[in-house]
1. Taking Val48 as meeting all but one of (1) hydrophobic (A, V, I, L, M, F, W, C); (2) touching a residue at least 60 places away in the same chain (Cβ under 8 Å); (3) open to solvent by less than 10 Å² (accessible area, probe 1.4 Å), write down the number of the exception.
2. Of everything in the range 52-63 that's in contact with a strand residue (DSSP E or B) (Cβ under 8 Å, 6 or more places away or on another chain) and open to solvent by 10 Å² or more (accessible area, probe 1.4 Å), which residue is farthest from Ser237 (Cα to Cα)?
3. Identify all residues within the range 220-260 that are under 15 Å from the mean Cα position of the chain (by Cα), assigned to a loop (DSSP other than H, G, I, E, B) and not polar (S, T, N, Q); write none if there are none.
4. What about Lys96, is it in contact (Cβ under 8 Å) with a residue 12 or more places away in the chain and farther than 30 Å from His226 by Cα?
5. Could you figure out which of (1) of a type in the set (Ser, Thr, Tyr); (2) within 11 Å of the ligand (Cβ to nearest atom); (3) surrounded by fewer than 20 Cβ atoms within 10 Å (Cβ to Cβ) isn't true of Ser75?
6. Restricting the search to the range 261-304, which residues are among the aromatic types (Phe, Trp, Tyr), more than 16 Å from Ser28 (Cα to Cα) and in contact with a Ser or Thr (Cβ under 8 Å, 6 or more places away or on another chain)?
7. Please return the ranges of strands (runs of 3 or more DSSP E) entirely within the range 90-151 where 1 or more residues are more than 16 Å from the ligand (Cβ to nearest atom) and surrounded by 20 or more Cβ atoms within 10 Å (Cβ to Cβ).
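The values are calculated or read from the model by the stated rules, or taken from the named source; none is laboratory data. Since we're looking at a predicted model, the values are computed, not measured. Glycine gets a Cβ as well: all are built from the backbone with ideal geometry, and neighbour counts include every protein chain shown. When the accessible area is computed, the model is the full protein with side chains, heavy atoms only, and any ligands, DNA or RNA have been set aside. Shrake-Rupley method; radii C 1.70, N 1.55, O 1.52, S 1.80 Å.
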Amino acid sequence: MSVVIAGSVALDNVKTPQDSQENLLGGSASYAALAASIFCQPIHLVGVIGHDFPKAHLDLLTAHGITLDGLERSSGESFTWTGEYHEDMNSRTTHKVGLNVLEQWQPKLPEGAKSAKIAVAANMSPDNQMQMLDQVKADFVTADTMDLWINIANERLHEVLKRIDLLVINDGEAKEFAGTTNLVEAGRKLQAKGPRFVIVKRGEHGSFLFGEKPEDFFACSAYPLHSVFDPTGAGDSFLGGLAGWLAANGKTKPTFEDLKTAVVHGSVTASYTCEAFSTHKLQTVTKADVAARIAELRAYTNFA
Ligand code: AMP
């Protein structure tokens, strides 16, 4: 069972209150693919990089069973993102986005990727998401987005919503996109635009899953971390972990109950991403690590 993930593959420059580092492996597809690879391999990664992209980053992806034949090599400069976290790690400032090779790129899926049963349109322009979705024959299609696309490509994003089974979106963006300040109403309004399932990520507060029936609602707690070092990519890791777990367990047409378990796996996988710069912690995580944290989370959230 395989997963195809398309999105950005980036060089990130990240500053936190403790430290700052440059040319880190970043991008929505990189995080999502590494997270998915914990549960299921191979993962087909579809993206674009420039001439300046370090070989070490590619070697790392390959070592985790991530297939790079859908990764285009372009002569331009790689996509870069420069951001800074403040004392409250929930707030982040984007200083610079260098679209570079991403600007003219159109995803081209190799044959093996086209037949993956689970497709992830990670954060990228809605045009790129549609171009990817035109090529997949997956049983289950998921997508993420961000405020930028809600603001500049709203109509196109509405078209994406009609083509997917699951939308994963963070709380602020869900409210903005749905035009309401109530998160439950926002989840249901987004669902009415197309996807059968919606997940609203709430950062350190966990996530909400909305299913097809009115009573299909699940509140997932976040794993309580003592220290958050760099939350970049947590959302992408959530989506990748969720998709990887579904594929690994043959849940290509998941029920609401299946998705509840998948959400818990995505959420716990994302917790590791927050513990170090870039993918430095995520790339060391095993299925057994995730299972151990899920057991802890179960104990923390169970009550009589
Ligand atoms: P997250 O923290 O889950 O929002 O994901 C952060 C990652 O998204 C970083 O590694 C960035 O390289 C990537 N990113 C930031 N802006 C964009 C964008 N406009 N399109 C695609 N990827 C982006």
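1. Evaluating Val48 over (1) hydrophobic (A, V, I, L, M, F, W, C); (2) touching a residue at least 60 places away in the same chain (Cβ under 8 Å); (3) open to solvent by less than 10 Å² (accessible area, probe 1.4 Å) leaves (2) as the failure.
2. From the range 52-63, those in contact with a strand residue (DSSP E or B) (Cβ under 8 Å, 6 or more places away or on another chain) are 52-54, 57-58, 60-62; that's our starting set.
After this cut, where a residue has to be open to solvent by 10 Å² or more (accessible area, probe 1.4 Å) as well, the list is 52-54, 57-58, 60, 62.
Working: Asp52: 24, Phe53: 21, Pro54: 21, His57: 17, Leu58: 18, Leu60: 16, Thr62: 17 Å.
Applying the filter and picking the extreme gives Asp52.
3. Result: Pro231, Gly233.
4. Details: in contact (Cβ under 8 Å) with a residue 12 or more places away in the chain: yes; farther than 30 Å from His226 by Cα: no.
The answer is no for Lys96.
5. Condition not satisfied by Ser75: (2).
6. Restricting attention to the range 261-304, the residues satisfying the condition of being among the aromatic types (Phe, Trp, Tyr) are 272, 277, 300, 303.
Filter once more, so that each one left must be more than 16 Å from Ser28 (Cα to Cα): 300, 303.
Once the filter is applied, which keeps residues that are among the aromatic types (Phe, Trp, Tyr), more than 16 Å from Ser28 (Cα to Cα) and in contact with a Ser or Thr (Cβ under 8 Å, 6 or more places away or on another chain), the range 261-304 yields only Tyr300.
7. Working: elements: 92-98, 118-121, 140-144.
Correct list: 118-121, 140-144.
Residue-wise test of (1) within 14 Å of Thr232 (Cα to Cα); (2) of a type outside the set (A, V, I, L, M, F, W, C).
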site: Val9; (1), (2): yes, no
site: Gly26; (1), (2): yes, yes
site: Cys40; (1), (2): no, no
site: Val46; (1), (2): no, no
